[in-house]
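Worksheet for the structure shown next.
The values are calculated or read from the model by the stated rules, or taken from the named source; none is laboratory data. Note that this is a predicted model, so its numbers are computed, not measured. So basically every Cβ, Gly included, is an ideal-geometry build from the backbone, and we count neighbours across all protein chains shown. We work out accessible area using only protein heavy atoms, side chains counted, and drop any ligands, DNA or RNA first. Shrake-Rupley method; radii C 1.70, N 1.55, O 1.52, S 1.80 Å.
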Amino acid sequence: MMNLINKLSAVFNVSIQTLLIGLFCILLPILFTGKTLDPALTIRTLSLSFCALILIISYLFNKKHLLKPSYAVYALLLLLLLSIISSVFSEGIKSETLQSIVKLGGISILTYSLTTEIRQRNNKLFLIKAIVLFSLIAIIVVLTDYVYILHDYKDQLVNKNVFIKLSSTASFATNRNLLASIFLLTFPFNIYSLYHNSKIWKWLSVTVLLLSMFIILITTSKAGIFVLCLYLFSMFCLLLISKHGLWKKAIIALGFFICCAAGFYVLTKNKTFKRFAAVNTIDEFKASARWMFYKNTFDIIKKHPVLGVGPGNWKFENEKYDKLNTKGETGYTIAQRPHNDFLWLTSEVGVLGGVLYISIFLMSLIMLVKRLTINSQSDKEFVFILIVSLLGFAIISFFDFPFERIEHLVLFSFIISFACHQDKEDFKVNNSKTIIFSGLILCLFSSYISFARHNGEVHLNKALYYKSNQQWNRVIKEINKGYKEHIYEIDRSGTPLDWHLGLAYFNTNAIEKAFKSFQKAYEFSPYHLHTLNNLATCYELKGERDKAIQYYLQALQVSPKFEDASINLAAVYFNEKRYVEALDVILRCDNAKDKVKYQQYLSTIFNRFIAENNLDRQNENLSKLLTLMDEESDKFNQEMQKTYQKRIKENKTYEDLIN
């Protein structure tokens, strides 16, 4: 294997480390699997860990003299150290901190290797070509997905659903906004290739840039298209002040305005892209889930300013907050991050960690601006585009979550490495062996953790498949195989594996085992709605009704409209003949997914309420409700929910409102 790598290194006239990094980048877009919940995250984290390990080993055996790290590397290593300290001393779940530690360790080593290798021109050009090929492969993957979609709609290509489907396609990025931002981060390197590589590479870069812009427009990502416009405007300004001929400037200017006009038309006139054109008012934004996440995150930072809540633990801390009017209110969706990397990192690692991360952007920008004053004309264009790309990444980080994704961090590592590297050769360090062996220990640890977590998610994915087929014994078997104490205890959605295990035990009628699993899940995540609901149900079955009510109420305090807990608590109140409370609880839930079950419970409670209070069924209002209950259940539910809202608003009884 090493002989092959050495031969390839000689063929391309680059260092072994450069060759390894380039191959890793080229393969990154096709590193995904259907065997895990997230098709890309764990497999790419594992690949990054292995890549970092091989890089460290190559430095060890090649005995290369190490150079002094750049500011970006120091900042990343300090951020890694802070993450480890936060992991040890914060109250967060330790197993969830490992993903961030592994990720930061891999990116730190990659960034150090890049800043070392790009000092040599051949290495620099090879790595830029690797990013061009990364872009090309990514485009092929996305366009292939588009072809499959168009094939599915081949008989109705003019149907607006085709465009909606295309725009929502995330492909290898698993999120359409992140898909747009991936291509944006490759722009500086494709533009550099356009200026400095051979003719075939120039044509390849032009093709990649045009197709990338096409895909970004298709995604209708607001942040993505804003950054694209920033790129286009910057390029337009660059070309106006460049030494290109007048006719070239005219053609470029015309192309720029045609592209902008076409993009504006597509995004504002086409009805299928209304979600892009819609502009929220300040009041609407303040009522949105995103604003709620921001508020929650600021509160978390205020409560944990020094160490944060621990890497990977924002989602558990956020569970404590009211989920009303968010996607999480049903209990089927758990927010993973606040959609702002700066706030996210600060809340998890502390204020110093957030400042460190921001400082990487600021120092990179300062160094790039300095280079603008001393570099050649051709390099100035590249440096200027790097400045735009850093600003673009900052904008994307403010509205999305690129810090979570390996491919984004790798491209960010390239940008800051090109921004912060110095061409001087006298920045050598004397303790190379100490640094290499420290890096080796970190990489071995990261590789083991990455493999264990990836393997755990593979088994969890199998368990969920068996769960959908109600093969509960197989679910138990796969969960036990995937579970690794202190390493993989919670799935990526924030649900403890013990909850999945408890559900399987519950459905095999092993109530005591289920109860113990739900208790353990509760210790991990005391605000997890389904854990609270299932734990309450076990208490009810054990005859401890007061505790059952306590846990149902705890779930509804977090999410007042949580369907499962609403129906179950209403049933408990019904059994205790507390019919008014039963009606209040079930009617507060106005977003039921299982409408048949909801209707059955509501009808039963309402009939018993009528009988208990001796209400006159011949009364006009009551008679109308009973007719709706028998003939039009949806309208009956709506009328009852209106009655409940009126009761709360006017502080009246159901008897007063019905009679």
> Amide H of Ile490: which non-local residues (sequence gap of 5 or more, or other chain) have their own amide H closer than 5 Å, using H built in the peptide plane?
Replying inline: Leu497
> With each label point set 7 Å from Cα along the Cα-Cβ vector, what nm distance links Asp616 and Ile511?
Replying inline: 4.5
> Give me the Kirkwood hydrodynamic radius of region 100-182 in Å, from all C-alpha pairs, to one decimal place?
Replying inline: 15.6
> Angle between the Cα long axis of helix 529-541 and the longest principal axis of the chain, 0 to 90 degrees, nearest 10?
Replying inline: 30
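What does the extension gain come out to for Gln641 and Leu27, with contour length at 0.36 nm per residue minus their alpha carbon separation?
On the way: separation 614, 0.36 × 614 = 221.04 nm, distance 5.46 nm.
The Gln641-Leu27 span can extend by a further 215.6 nm.
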> Which percent of Cα pairs goes in each bin when the distances of region 524-659 are cut into 5 angstrom slices starting at zero?
Replying inline: 2, 11, 20, 22, 20, 12, 8, 4, 1, 0, 0
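Residues of region 108-238: accessible area per residue at 1.4 Å, in Å²?
Working: 5120 Å² over 131 residues.
Value returned for region 108-238: 39 Å² of accessible area per residue.
Rounded, prolate or oblate, given the Cα gyration tensor of region 529-579, with a/c below 1.5 counting as rounded? Could the numbers behind the result be given before it?
Values: a/c = 1.95, a/b = 1.19, b/c = 1.64.
Oblate, because a/c is 1.5 or more while a/b does not exceed b/c.
Taking GluC sites (Glu not before Pro) as exposed when DSSP calls them loop (any state but H, G, I, E, B) and at most 16 other Cβ atoms lie within 10 Å, what is the longest stretch of the chain free of them, the sites themselves excluded? Write out the running numbers ahead of the final one.
Details: sites that count: Glu91, Glu425, Glu485, Glu544, Glu576, Glu632.
Counting at most 16 other Cβ atoms within 10 Å as exposed, the longest clean stretch of the chain is 92-424.
Go ahead and run the numbers for FRET between Glu523 and Ser438, Cβ-Cβ distance against an R0 of 30 Å, rounding to 0.05. Present the calculation step by step, with values, prior to reporting the outcome.
On the way: r = 35 Å, r/R0 = 1.16.
Calculated value: 0.30.
Pulled fully out, how much extra length does the chain show between Glu632 and Val355, if you take 0.36 nm times their separation in residues and subtract their Cα-Cα distance?
Numbers: separation 277, 0.36 × 277 = 99.72 nm, distance 5.84 nm.
Value of the extension gain: 93.9 nm.
Which translational diffusion coefficient, to the nearest whole µm²/s, is obtained for region 19-169 from the Stokes-Einstein equation, given a Kirkwood hydrodynamic radius over C-alpha pairs, 4 °C and 1.567 mPa s? Could the numbers behind the result be given before it?
Numbers: Rh = 18.4 Å.
Result for D is 70 µm²/s.
Can you tell me the dipole magnitude for region 587-628 around its Cα centre, using point charges on the Cβ only (Lys, Arg +1; Asp, Glu -1), in Debye to the nearest 20? Before the final figure, lay out each step's value.
Numbers: 7 positive and 5 negative charges, 43 e Å.
That gives a dipole near 200 debye.
What is the percent carbon and sulfur in the accessible area of the chain, measuring with a 1.4 Å probe over the protein chains and ignoring ligands?
60
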>> Using only the Cα atoms of the chain, what are the Rg and Dmax in Å?
In response: 28.8, 97
> Going from the alpha-carbon gyration tensor of region 77-231, what semi-axes, largest first and in whole Å, does one get by taking the root of 5 times each eigenvalue?
Replying inline: 33, 26, 12
> In square angstrom, what is the accessible area per residue of region 59-102 with a 1.4 angstrom probe?
Replying inline: 47
>> Ignoring everything except DSSP H segments at least 4 long, calculate the 222 nm mean residue ellipticity for the chain; use -39,500 (n - 2.57) per segment, divide by total residues, nearest 500.
In response: -24500 deg cm²/dmol
> Along region 449-464, what does the Karplus equation 6.51 cos²θ - 1.76 cosθ + 1.60 (θ = phi - 60°) give for ³J(HN,Hα), rounded to whole Hz, x for Gly and Pro?
Replying inline: 4, 4, 5, 4, 6, 4, 4, x, 6, 4, 5, 5, 4, 5, 4, 5
> Could you state the principal axis extents of the C-alpha atoms in region 448-540, from the largest down, to the nearest angstrom?
Replying inline: 42, 27, 18
> Using a simple spin-label model with points 7 Å from Cα along the Cα→Cβ vector, what separation in nm is obtained for Leu230 and Ala289?
Replying inline: 2.6
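Just want to confirm a number: the relative contact order over the chain, from Cα pairs under 8 angstrom separated by 6+ residues, in percent. If you can, show how the numbers build up before the last one.
Numbers: 864 pairs, mean separation 108.5, N = 659.
Dividing the mean separation by the residue count of the chain yields 16 percent.
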> Projected onto the charge dipole of region 42-103 (+1 at Lys/Arg Cβ, -1 at Asp/Glu Cβ, origin at the Cα centre), which of Ile54, Gln99, Ser86 gives the Cα projection farthest towards the positive end?
Replying inline: Ile54
>> Just to compare against my own numbers: the Cα pair-distance distribution for region 1-65, 10 Å bins, whole % per bin, please.
In response: 20, 45, 25, 10, 0
>> Using 0.36 nm times the number of residues separating Leu372 and Phe89, minus their current alpha carbon distance, what extension gain do you get?
In response: 97.5 nm
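Return one whole number: the accessible area per residue of region 367-509 in Å², for a 1.4 Å probe. Mind dumping the intermediate values first?
Details: 6200 Å² over 143 residues.
Normalised by residue count, the accessible surface of region 367-509 is 43 Å².
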> What nm value, rounded to one decimal, do you get for the distance between Lys484 and Asn469 when each label is placed 7 Å out toward the C-beta?
Replying inline: 2.6
